[in-house]
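The values are calculated or read from the model by the stated rules, or taken from the named source; none is laboratory data. All values reported here derive from a predicted model rather than from experimental measurement. Cβ sites come from the backbone with ideal geometry, for glycine too, and all protein chains shown count toward neighbours. Areas reflect the complete protein model, heavy atoms only, side chains present, ligands, DNA and RNA absent. Shrake-Rupley method; radii C 1.70, N 1.55, O 1.52, S 1.80 Å.
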Amino acid sequence: MSTSVTDRRPPTPAGGPGPTRRPTRRPPLTQKWATARERVTAGGFMAPAVLLVALFLLAPFVWTIYRSFFSDTRTSPFSWFDNYSLFASDPALSRSIQNTLMWVVGTVALPFVLGLAIACMTNAGRFSRLARLCVVLPYALSGSAVAVVWNFMLTTDGAVNQVLTGLGLDSLAQGWLLTWPGNTVVMILANAWQATGVAVILFLVGLQSIPPETLEAGALDGASGWQQFRHIVLPQLRPVSIIVIGMSLVNGLKSFDLIWVLTQGGPGRATETLAVSMYNETFLELRPGAGAAIAVVLTVIVLAASWLYLRRQLDVKGV
C-alpha cells in the first residue's frame with residue numbers, strides 16, 4: 001500500500017509570481033581570483049606608462065643626484081657637498097638666483113594681471129574676437145621665435161631705439177640688452193608678451209562659466225562694477241587663477257630658450273637664471289658635477305614651490 005506525499009506549500013495562484021529564487025553567490029575563492037585578475041589587468045595597462053616615466057624621468061634624476069656628489073675631474077672622486085657649496089661662493093650663481101627670483105615674480109604677476117584685464121575687456125564687445133586673436137597669437141610662437149622678434153627690437157640699432165630717435169627722444173635710446181638689471185627686465189616683458197595669451201584664454205573660459213544671475217543679483221543689490229568684480233567675479237575665477245599662477249610659476253623657474261637666444265646669459269653671466277647656469281656649467285664649462293648640483297636644486301625648488309602653492313589653494317571648496 002503506497003502513501004502519497006502531500007505538498008504542504010500553498011498552491012501558486014494562476015498568473016501570480018512564482019517562488020523567489022535566491023541569487024547565486026560566487027564562492028569566496030572564485031571572487032578572490034577575479035579581484036586578483038582585475039588588478040593584474042589594470043597593472044598591465046599601467047605598466048608601459050610607469051616604465052616610460054621611470055626610464056626617462058626617475059632614472060635620469062636619480063643619476064643626476066648621484067653625479068652631483070662627485071667632482072669634475074677625470075677620475076671624479078667623491079666630493080660630498082662641494083658642488084652645492086658653490087651657491088654660497090660663486091658670484092655667478094648668486095646672480096643667477098637673483099635673476100631667477102626676478103623671473104618668478106615677473107612671469108607670475110604680469111601674465112596674471114594682463115591676462116585678467118584683457119579677458120575682462122574682451123569678454124563682450126564688437127571687436128572682442130579680433131582683440132583676442134591679436135593677444136593670443138604670440139602664444140602660438142616658440143620661445144626661440146619670440147626671442148628673434150624681440151632681438152630685432154632691442155638691439156642697439158633696433159626698432160625701439162630707432163622709434164625713440166625718430167620721436168626726438170635720443171636720450172632714452174640705449175643698449176637694452178647690455179646692462180643689468182634692465183636686460184633681465186626687458187626679457188621678462190618679452191616673456192609676458194608671449195605668456196599672456198594662455199592666461200587670456202583660461203580667464204575667458206572662467207568668465208563665460210560665471211552664471212549671469214549672480215551679476216544681476218549683485219546689480220539689483222546696488223553693487224557697483226568694482227564691487228561685483230571683487231566679490232562676485234574674482235571668487236568664481238579662483239580655480240582658473242590657480243591654474244594660471246601654477247603654470248606661470250613653473251615656467252618662470254625653468255625659463256631658458258628666450259634668455260639663451262637673446263643674451264646667452266651675458267654680458268658675462270649677468271642674465272643667467274638657474275636653468276641657463278645648469279646648461280652653462282655642464283656643457284660649456286665642462287663641470288658636470290656643478291651642473292648636476294644646480295639641476296637638483298632647481299628641481300627641488302620647482303617641486304617644492306608647486307606643492308606648497310597647490311596644497312594651499314586646492315582645498316575642498318577649490319576646483
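Largest GNM mean-square fluctuation among Leu298, Leu202, Leu308, using the chain with Cα springs under 10 Å: Leu308. Note on the chain: along the principal axes its Cα atoms extend 130, 73, 30 Å, ordered by decreasing extent.
As a rough guide to protection, the peptides 181-191, 61-71 ranked by mean Cβ packing within 10 Å, highest first, stand as 181-191, 61-71.
In percent, rounded to a whole number, the relative contact order of the stretch 196-307 is 18, using alpha-carbon pairs under 8 Å and six or more apart.
Rolling a 1.4 Å probe across the protein heavy atoms gives the stretch 65-131 an accessible surface of 60 Å² per residue. Between Pro288, Pro48, Pro111, the residue with the greatest mean-square fluctuation in the GNM of the chain (Cα pairs under 10 Å linked by springs) is Pro48.
Entry note, the stretch 32-180: relative contact order of 7 percent, from Cα contacts under 8 Å with a spacing of 6+ residues.
Each helix, a run of at least 4 DSSP H residues, gives -39500 (n - 2.57); summed and divided by the residues of the chain, these come to -19500 deg cm²/dmol at 222 nm.
Note that the stretch 132-206 presents 51 Å² accessible area per residue, ligands and nucleic acids not counted, probe 1.4 Å.
In Å², what does the accessible area per residue of the stretch 220-295 work out to with a 1.4 Å probe?
So the stretch 220-295 comes to 45 Å² accessible per residue, rounded to a whole number.
Compute the angle between helix 238-253 and the longest alpha-carbon principal axis of the chain, please, reported from 0 to 90 degrees and rounded to the nearest 10. Between the helix axis and the principal axis of the chain, the angle is about 50 degrees. Near the amide H of Phe70, within less than 5 Å, lie the amide hydrogens of Ser79, all on another chain or at least 5 residues away, with H placed in the peptide plane.
I'd like the carbon and sulfur percentage of the solvent accessible area for the chain, probe radius 1.4 Å, heavy atoms only, ligands and nucleic acids excluded. Its accessible area is 67 percent carbon and sulfur atoms.
The value of relative contact order for the chain, using C-alpha pairs under 8 Å at least six residues apart, is 25 percent. Using the Karplus relation 6.51 cos²θ - 1.76 cosθ + 1.60 with θ = phi - 60°, the per-residue 3J(HN,Hα) values for the stretch 258-266 come to 5, 5, 5, 6, 6, 10, 6, x, x Hz, with x marking Gly and Pro. Under 10 Å, Cα contacts only: if you run a Gaussian network model on the chain, which one of Leu58, Leu204, Leu234 comes out with the highest mean-square fluctuation? Comparing Leu58, Leu204, Leu234 in the GNM, the peak value goes to Leu58.
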